[in-house]
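Participant: Questions regarding the structure given below will be posed in turn.
The values are calculated or read from the model by the stated rules, or taken from the named source; none is laboratory data. Since we're looking at a predicted model, the values are computed, not measured. Because the Cβ atoms are built from the backbone with ideal geometry, glycine has one as well, and the counts that use them run over all protein chains shown. Areas reflect the complete protein model, heavy atoms only, side chains present, ligands, DNA and RNA absent. Shrake-Rupley method; radii C 1.70, N 1.55, O 1.52, S 1.80 Å.
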Amino acid sequence: MAETKEESRIGVFICHCGTNIAGSLSVEDVKEYAKTLDGVVVADDYQYMCSTPGQSKIIDAIKEHNLNGVVVAACSPRLHEPTFRTATEEGGLNKFRFEMANIRDQNSWVHMHDWEGATNKAKDQVLIAVAKARMLEDLQPKSVPVEHAALVLGAGVGGMQAALDLAGAGIKTYLVEKLPTVGGRMSQLDKTFPTLDCSQCILTPKMVDVGRHPNIELRTYTEVEKVEGYIGNFTITLRKKARGVLTPAEALERGIVGGGCNGCGDCSEVCPVIKPNPFEMGMAPRKAIYIYHPQVMPLLYTVDFDSCVKCGLCVEACGPEKRAIDLDSVDTFEEIKVGTCILAIGYDLIPIEEKKEWGYKQFDNVITGLEFERLICASGPTTGHLIRPSDGQTPMKVGFVLCAGSRDNTGGVAKPYCSRFCCMYCLKHAHQIMEKIPGAVPYLFYMDIRAFGKMYEEFYYRIQNEGAKFIRGRVANILEDPITKNLMVYAEDTLLSRPVAMEMDMVVLAAAIQPKPEAEKIRQMFGVSKSQDGWLLEAHPKLNPCGTTTAGIYLAGVCQGPKDVPDTVAQAEGAASAASIPIHTGEVQLEPYFAQCIDSLCAGCGMCVNLCPYGALALVEKDGRTVMEVTEAKCKGCGTCGGFCPGGAIKMQHFTSPQICAQIDAFLLKGEDY
Amino acid sequence: MTDENWNPKIIAIICNWCSYAGADLAGGARIQYPPDVRAIRVMCTGRVDPLFIMKAFQDGADGMLISGCHFGDCHYLEGNYKCAKRMFLVKNLLKNIGLDDKRLRMTFVSASEGGKWGAVMTDVVNTVKELGPSPIKKYQR
């Protein structure tokens, strides 16, 4: 149907990929078939097209045969399109004169035992690719400048590390945290395995640093409201939640010299409202005007307007000099412009109470690992004395249920994956019990102990030698003695092949972890996919673990998948490095898959204008007619307009209607009719 | 009803960000499925002009698959919604010209659903095989 302007001179190159492709289909047959196709002047094959000699074949062939289109039949364009585009360019062609036939990921690997079927499919794939290659046009990528600023969402240890790295590299970094303080999950932990460093002690320097760093704009008690734009030019609307308390700077803005919150806590003392403190896992009280813990950053009180009764006692206590409390404050919005974003939004425990067999929330003395952290922590609700919630007694026999909801295919709240850090923190808890309570014995009910990290296995041996008891078997159920509140733990000791029933003073559930409930909304705003298990999806599990499929958005920490602190920090540093590259380069190249209006065909109906999700299209007057005009900087190339235009007046570059129709025709009519 | 050796001609138009990536993932995981579907990659299912589908059936396609991101997951915010809406129109159109609308299917396969892609492929091929060759072929010259 469509006319090709110039005579097609296409080169087809087929990759064996070792035996990945050549082991499942006949490369020779595909090559001979390619030679018979209209427009193909050369067809060749090679062991590894992506290798230097393989690419040289393409470059040499372009020059020797004066090619004007290149087809490589190999792996996925999602993997090697950039490689072969570069080779095409080196051969002297425009890099968009290249098309790929995916005969590996979508053929040889999925039809491994159907030699004929796979070979026929590969022939068709080459045919379809050649049909498109014959109609490709020269395109120029569009360069856009990159905003010299970055956003890090989530100020746990990962987010803080990423922000510090970016800021250290001279990039203005907005560190946005939903809670009133930075610190995240790690600030709730008592000790860290396997070194037994005090978690707060190693974390607080970082918390102080993010508060002080001249390049970090800290936004606590703030959420992302809206995300617009693309790599290099994100416009992000932040919702600063009503905090009810002014910083000294905000007080000065209101003309209160020397005012604002200094963290004295007088307000909290007089507040009559008492609520459970989520930082202490609800085991300690907080007031309606509160700080989470003494080491908060920034040291700034927050009014919980959901529970505040607006009695005004705090305002009185704060006094006429500071005047830091404003009970009428409202949410405010701020628009920031950044070049790249890092998501480090962390995790939650699963609602382990829904695994009824273990009795969490039914029995007082069944607690979670995080509650244990707070109970054993010197700054926790019991100042570090491990006691039974039921009667305040010191537990002498403590059971640990490992893989509580992890590696569990029974559905419901259970997760099929390994939560990765539970084995190690249970070992650490076991050590802490034996250290703090002479004579106390921890019993660990485990499936496997996964001590995979540096010095982790050695730590496991140490705990074994210290006298912790290990029982290999998942706990079937837990029952409570209604009088003593002791717990009967029923399990199977799979090493001895016999059921066990043991009476414990307390049981700690190493509950599985899951994505935060708000992760769904956040990932949709930023255009990030999720894995099957619900965690945010990286661009490539091996080779791009920090990136996402949306250019300019990167991931750090557990939000991408379960990780311990060292891995989270390492990924955060990787994400910061990746996020700084476009910023330091100063410009990014966008693929030129823009919509274009063919004015002579456009009837000016304006349907496309309403369809465009980016507001990139508008109706304008041109030569006395109303036609559509595209703002290329806003167009992302989805083609939704082109898929609808009743007049066929919209040309989607690199995915034009004639190109797609040629692909369809090629396969169905085998080149006979077009 | 159909010849044992008959292989249906099925075209899939799939989006780059979810279904194409899911299909690649199926490859990496070596999930085996019948080789009768030929995929054409577009950036978004929003790009799918109803005329592409009509063209394919006119050319004698036995079946067609359009596959994109799950609702809410579209890389371009809402292209998949718009495509899904058009599918109702096209399915009606197919019924009106006497084609079984089961020959056209829209699915939502994410970049992490390699297993689902394999299942979709198998199911699409089986469905079309049950329906037999497209009747439009008879009227072609």
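Participant: Between residue A:484 and residues 5 or more places away or on another chain, which pairs have amide H atoms under 5 Å apart, with H built 1.01 Å from N, and which residues are they?
Facilitator: The list, which skips near neighbours in sequence, is empty: none.
Participant: What share of all Cα pairs of the range A:115-154, in percent, falls into each consecutive 10 Å distance bin?
Facilitator: For the range A:115-154, the pair-distance distribution reads 20, 21, 17, 17, 22, 3.
Participant: Checking the a/c ratio against 1.5 first, then a/b against b/c, what shape does the Cα gyration tensor give for the range A:349-514? Mind dumping the intermediate values first?
Facilitator: Details: a/c = 1.26, a/b = 1.06, b/c = 1.19.
Taking the square roots of the gyration eigenvalues as a ≥ b ≥ c, the range A:349-514 is rounded.
Participant: Moving on. Per residue of the range A:350-359, in order, report the coupling 6.51 cos²θ - 1.76 cosθ + 1.60 (Karplus, θ = phi - 60°) as ³J(HN,Hα) in whole Hz, putting x for Gly and Pro.
Facilitator: 3J(HN,Hα) across the range A:350-359, in whole Hz: 5, x, 5, 5, 6, 8, 4, 5, 9, x.
Participant: Could you please state, rounded to a whole Å, how far the C-alpha centre of the range B:33-49 is from the C-alpha centre of the range A:296-341?
Facilitator: Taking the Cα centre of each part, the range B:33-49 and the range A:296-341 sit 52 Å apart.
Participant: Distances over 18 Å make up what percent of all Cα-Cα pairs in the range A:171-311? Let's see the in-between values first.
Facilitator: On the way: 6362 of 9870 pairs.
For the range A:171-311, the fraction of Cα-Cα distances above 18 Å is 64 percent.
Participant: With labels modelled as points extended 7 Å from the Cα through the Cβ direction, what inter-label distance (nm, one decimal) is found for residue A:390 paired with residue A:201?
Facilitator: 3.5
Participant: Work out the mean other chain Cβ neighbour count within 10 Å for the residues of B:47-54 and drop it here as an integer. Show your work: numbers first, answer last.
Facilitator: Working: counts 13, 6, 12, 2, 6, 6, 1, 0.
So the per-residue partner count for this stretch is 6.
Participant: Nearest 10 degrees, 0 to 90: what angle lies between the long axis of helix A:657-669 and the longest principal axis of chain A (Cα atoms)?
Facilitator: 70
Participant: Would you calculate the volume per residue, in Å³, of the smallest convex hull containing every Cα atom of chain A? Don't skip to the answer; put the middle values down first.
Facilitator: Details: hull volume 138.2 nm³, N = 674.
In chain A, the Cα convex hull volume per residue is 205 Å³.
Participant: Here's another thing I want to ask about it. Compute, for residue A:472, the solvent-accessible surface of its heavy atoms (probe 1.4 Å) with the complete set of protein chains present, and express it in square angstrom to the nearest 10.
Facilitator: Roughly 80 Å² of residue A:472 is accessible to a 1.4 Å probe.
Participant: Another question, then. Take the eigenvalues of the Cα gyration tensor for the range B:68-128, scale each by 5, and report the square roots as semi-axes in whole Å, largest first. Could you put the intermediate results ahead of the total?
Facilitator: Details: eigenvalues 102, 66, 4 Å².
Gyration-tensor ellipsoid for the range B:68-128: 23, 18, 4 Å.
Participant: Would you check the accessible area of residue A:266, probe 1.4 Å, heavy atoms only, in square angstrom rounded to 10?
Facilitator: Rounded to the nearest 10, the figure is 60 Å².
Participant: If you build the Cα gyration tensor of the range A:478-532 and take the root of 5 times each eigenvalue, what three semi-axes come out, in whole angstrom, biggest first? Could you put the intermediate results ahead of the total?
Facilitator: Numbers: eigenvalues 333, 60, 8 Å².
Over the Cα atoms of the range A:478-532, the semi-axes work out to 41, 17, 6 Å.
Participant: Just from its helices, what would the mean residue ellipticity at 222 nm be for chain A, if runs of 4 or more DSSP H residues each count -39500 (n - 2.57) and the sum is divided by every residue, rounded to the nearest 500 deg cm²/dmol?
Facilitator: On the way: 16 runs with 184 residues, N = 674.
For chain A, the value works out to -8500 deg cm²/dmol.
Participant: Compute the signed sum of charges (Lys and Arg +1, Asp and Glu -1) over the other residues within less than 12 Å, Cβ to Cβ, of residue A:640. Please list the in-between numbers first.
Facilitator: Values: positive: A:636, B:47, B:82, B:85, B:86; negative: B:49, B:78.
Taking every other residue near residue A:640 into account, the sum is +3.
Participant: Under a point spin-label approximation (7 Å from Cα along Cα-to-Cβ), what is the residue A:452-residue A:600 distance to one decimal in nm?
Facilitator: With each label placed 7 Å out from Cα toward Cβ, I get 6.1 nm.
Participant: Taking 1 over the mean of 1/r across every pair of different Cα atoms in the range A:10-141, what Kirkwood radius in Å do you get?
Facilitator: Here the Kirkwood hydrodynamic radius works out to 14.2 Å.
Participant: With angles folded into 0 to 90 degrees, how steeply does helix B:19-28 sit against the dominant principal axis of chain B? Use alpha carbons for both and round to 10.
Facilitator: Once rounded, the angle reads 80 degrees.
Participant: Against the longest principal axis of chain A, how steep is helix A:456-466, in degrees 0 to 90 to the nearest 10, with axes from Cα atoms?
Facilitator: 20
Participant: What whole-number distance in Å separates the alpha-carbon centres of the range A:457-521 and the range A:7-50?
Facilitator: The distance from the Cα centre of the range A:457-521 to that of the range A:7-50 comes to 58 Å.
Participant: Residue by residue, what Karplus-based ³J(HN,Hα) values in Hz, rounded to whole numbers, does the range A:444-455 have, using 6.51, -1.76 and 1.60 with θ = phi - 60° and x for Gly and Pro?
Facilitator: 9, 8, 10, 9, 9, 8, 9, 10, 8, x, 5, 6
Participant: Let me ask something additional. Among residues other than residue A:66 whose Cβ falls under 14 Å from its Cβ, what is the net charge (Lys/Arg +1, Asp/Glu -1)?
Facilitator: Values: positive: A:9, A:63, A:97; negative: A:6, A:7, A:60, A:64.
Around residue A:66, the charge tally is -1.
Participant: Related question: What are the semi-axes of the equivalent ellipsoid for the range A:248-330, taken as the square roots of 5 times the Cα gyration tensor eigenvalues, largest first, in whole Å? Walk me through the intermediate numbers first.
Facilitator: On the way: eigenvalues 99, 40, 22 Å².
Semi-axis lengths for the range A:248-330 are 22, 14, 11 Å.
Participant: First select every other residue whose beta carbon is under 15 angstrom from the beta carbon of residue A:44; then total the charges, Lys and Arg +1, Asp and Glu -1.
Facilitator: Values: positive: A:9, A:31, A:35, A:57, A:63; negative: A:28, A:29, A:32, A:45, A:60, A:64.
Net charge around residue A:44: -1.
Participant: Give me the aspartates and glutamates in straight-line cross-link reach of residue B:91: C-alpha distance below 13 Å, same-chain residues under 8 apart excluded.
Facilitator: Cα-Cα hits under 13 Å: B:100, B:101.
Participant: Would you report the distance distribution of C-alpha pairs in the range A:539-612 as whole percents per 5 angstrom bin, up to the bin with the largest distance?
Facilitator: 3, 12, 17, 16, 10, 8, 9, 8, 7, 5, 2, 1, 0
Participant: Post the alpha-carbon centroid distance, the range A:94-135 to the range A:597-640, in whole angstrom.
Facilitator: The two parts, judged by their Cα centres, are 34 Å apart.
Participant: If I take R0 = 60 Å and measure r between the Cβ atoms of residue A:464 and residue A:215 in this structure, what FRET efficiency does the formula 1/(1 + (r/R0)^6) give, to the nearest 0.05? Please list the in-between numbers first.
Facilitator: Details: r = 47 Å, r/R0 = 0.78.
Step by step, r from the Cβ atoms, then E = 0.80.
Participant: Here's something else I'd like to know. How much accessible area does residue A:621 have with a 1.4 Å probe, in Å² rounded to the nearest 10?
Facilitator: Approximately 130 Å² of residue A:621 is accessible to the 1.4 Å probe.
Participant: Give the dimensionless ratio obtained when the Cα radius of gyration of the range A:145-215 is divided by 2.2 N^0.38 Å.
Facilitator: Values: Rg = 13.1 Å, N = 71, 2.2 N^0.38 = 11.1 Å.
Its radius of gyration relative to the 2.2 N^0.38 Å reference: 1.17.
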